[in-house]
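*Asks:* Pasting a structure here, questions to come.
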Amino acid sequence: MIARSLTKCTFDGFSVKGSADGSFYAGIKIYGGSPVISNNLITENTNGIYIEGNSSAIIRNNTIKKNGHASSSVVEYGIICISSTPLITNNIITKNDDVGVYIVWEGSSGAQVINNTITDHPSDGVWCNEKCTPTIKNNIIVHNVTGITAIYNAKPRISY
C-alpha cells in the first residue's frame, strides 16, 4: 500500500506481506499526510512501514515482524521514519532482519515512540540518526544487539 498525503484515512485490520526486494520497498509506504495505520500484521516485506514527506501518521496496535531479507547488503527496518513526525504507539515490533525502528534527520524531531514492545533484532531496537530528537517513552526494548543508538548529533528524549 502507498499512501500519499492522505488525511482522515484509516488502514485497519489487514495482513500486509511480501513486498519486492529493494531498499525502498515496504509493506506500507506513507508519503505525507496523517493516515492511521492500526491493527495490522505487517510481515515478510523488505521494510515493514516506510514513512517520509513530513507525515504525521499514527501507527498503532500493529504487529510488525520478520521484515527484511537476511541476504541483503542494505539495512532494513520494521519501521523507517524520514523527516516525519509519526506517533508510533502500542505496536509489537519484533524479529526484523536489522533494526526495529529507524528515525533520521532533524525533520523527524517530533516523532514519538511510546508504549511499544521492540524485541529480537540483530542490530538496534531503535536507531536515531542525524540531528533528530524523537521522544522514546515507556517502551519494552529487549533482546536487541543494542537497545537504543543515537549518532550524528541525534538527541532522543528517553524516559521510562
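The values are calculated or read from the model by the stated rules, or taken from the named source; none is laboratory data. This structure is a prediction, so every number in the text was calculated from the model and none was measured. Every residue, glycine as well, gets a Cβ built from its backbone with ideal geometry; the counts of neighbours run over all protein chains shown. Protein only, heavy atoms only, side chains kept; ligands, DNA and RNA dropped before computing areas. Shrake-Rupley method; radii C 1.70, N 1.55, O 1.52, S 1.80 Å.
*Asks:* Looking only at the stretch 56-70, filter to residues that are of a type in the set (V, I, T) and open to solvent by less than 10 Å² (accessible area, probe 1.4 Å); which one of those is farthest from T89 (Cα to Cα)? So that I can check it myself, show each step before the final result.
*Replies:* From the stretch 56-70, those of a type in the set (V, I, T) are 58-59, 63-64; that's our starting set.
Add one more test, that the residue is open to solvent by less than 10 Å² (accessible area, probe 1.4 Å), and what stays is 59, 64.
Numbers: I59: 6, I64: 12 Å.
Among those that are of a type in the set (V, I, T) and open to solvent by less than 10 Å² (accessible area, probe 1.4 Å), it is I64.
*Asks:* Now for a different question. Being open to solvent by 20 Å² or more (accessible area, probe 1.4 Å), modelled with pLDDT of 95 or more and out of contact with any strand residue (DSSP E or B) (no Cβ under 8 Å at 6 or more places or on another chain), is that true of even one residue in the stretch 46-55?
*Replies:* Looking through the stretch 46-55, at least one residue is open to solvent by 20 Å² or more (accessible area, probe 1.4 Å), modelled with pLDDT of 95 or more and out of contact with any strand residue (DSSP E or B) (no Cβ under 8 Å at 6 or more places or on another chain).
*Asks:* Being under 22 Å from I37 (Cβ atoms), in contact (Cβ under 8 Å) with a residue 40 or more places away in the chain and either aromatic (F, W, Y) or open to solvent by less than 20 Å² (accessible area, probe 1.4 Å) (or both) is the requirement here; does I80 meet it?
*Replies:* Working: under 22 Å from I37 (Cβ atoms): yes; in contact (Cβ under 8 Å) with a residue 40 or more places away in the chain: yes; either aromatic (F, W, Y) or open to solvent by less than 20 Å² (accessible area, probe 1.4 Å) (or both): yes.
The answer is yes for I80.
*Asks:* Restricting attention to strands (runs of 3 or more DSSP E) lying wholly within the stretch 64-160, give those where 3 or more residues are of a type in the set (V, I, T) and either modelled with pLDDT of 95 or more or in contact with a Leu (Cβ under 8 Å, 6 or more places away or on another chain) (or both).
*Replies:* The strands (runs of 3 or more DSSP E) meeting that bar are 77-82, 92-94, 99-104, 117-119, 140-142, 146-151.
*Asks:* Does I51 satisfy being free of Cβ contacts under 8 Å to residues at least 40 places away in the same chain, more than 11 Å from the chain's Cα centre (by Cα) and not in a loop (DSSP other than H, G, I, E, B)?
*Replies:* Details: free of Cβ contacts under 8 Å to residues at least 40 places away in the same chain: yes; more than 11 Å from the chain's Cα centre (by Cα): no; not in a loop (DSSP other than H, G, I, E, B): yes.
No: the conditions fail for I51.
*Asks:* On to the next question. Could you tell me how many of the residues in the stretch 107-160 are among the polar types (S, T, N, Q), open to solvent by 50 Å² or more (accessible area, probe 1.4 Å) and under 14 Å from the mean Cα position of the chain (by Cα)?
*Replies:* Number of matching residues: 2.
*Asks:* With respect to the numbered conditions (1) open to solvent by less than 40 Å² (accessible area, probe 1.4 Å); (2) touching a helix residue (DSSP H, G or I) at 6+ places or on another chain (Cβ under 7 Å), which one is the sole condition not fulfilled by T85?
*Replies:* Among (1) open to solvent by less than 40 Å² (accessible area, probe 1.4 Å); (2) touching a helix residue (DSSP H, G or I) at 6+ places or on another chain (Cβ under 7 Å), T85 violates only (1).
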